[in-house]
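The values are calculated or read from the model by the stated rules, or taken from the named source; none is laboratory data. Note that the coordinates shown come from a computational prediction; the quantities given were computed from them, not determined experimentally. Neighbour counts run over all protein chains shown; Cβ positions are idealised from the backbone, glycine included.
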Amino acid sequence: MTDNFALHAGQTLDDILDRMSGHDTLSDLDFDLVDGVLTVEFDSGGTLILNRQEAARQIWLASPEGPAHFSYDAQRAAWIDARNGDELYATLSRILSTQLGASVVL
């Protein structure tokens, strides 16, 4: 990642939205991306929110599993959870799969 955190984080959120939009299993969910905040509402009433935190240079996730903060790891070329080392896309895939009761891979 270069010095332009906001651009890279924004591209990541756009990519996640594109992947979700193209996934048949997610077609019944309400999700949108507005001003750097991606919100997903589940039929069960739960909500998943992803947003960039420029001061911390992280992408923050709030989900039914709880909060997570992802920092970009240039060596791995991935956003990594500061707490447990999980990758962002794998974490989202797990949460979506759990919430929907079907396999989702982003």
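Does F70 satisfy being among the aromatic types (F, W, Y) and either within 16 Å of L29 (Cβ to Cβ) or more than 15 Å from the chain's Cα centre (by Cα) (or both)?
No, not satisfied.
Can you name the residue in the range 1-25 that is under 13 Å from the mean Cα position of the chain (by Cα) and among the charged types (D, E, K, R) and is also surrounded by the most Cβ atoms within 10 Å (Cβ to Cβ) among such residues?
Within the range 1-25, the match that is surrounded by the most Cβ atoms within 10 Å (Cβ to Cβ) is R19.
From the set of residues in the range 26-41 that are outside any strand (DSSP E or B) and charged (D, E, K, R), which is surrounded by the fewest Cβ atoms within 10 Å (Cβ to Cβ)?
Here the residue is D35.
Of all residues in the range 3-28, how many are at pLDDT 90 or above and either within 18 Å of E65 (Cα to Cα) or among the β-branched types (V, I, T) (or both)?
Going through the range 3-28 one residue at a time, the tally reaches 2.
For the range 62-70, does any single residue satisfy the condition of being surrounded by 14 or more Cβ atoms within 10 Å (Cβ to Cβ) and farther than 22 Å from D14 by Cα?
yes
For the range 42-67, which positions are among the hydroxyl-bearing types (S, T, Y) and either within 10 Å of the chain's Cα centre (by Cα) or part of a strand (DSSP E or B) (or both)?
Selection gives T47, S63.
Residue by residue through the range 73-103, note down the ones that are under 13 Å from the mean Cα position of the chain (by Cα) and either of a type in the set (D, E, K, R) or outside any helix (DSSP H, G or I) (or both).
Within the range 73-103, A78, W79, I80, D81, D86, E87, R94 qualify.
Would you mind finding the one in A68, A56, A90 that is at pLDDT 90 or above, farther than 19 Å from A6 by Cα and not charged (D, E, K, R)?
Of A68, A56, A90, the one residue that is at pLDDT 90 or above, farther than 19 Å from A6 by Cα and not charged (D, E, K, R) is A90.
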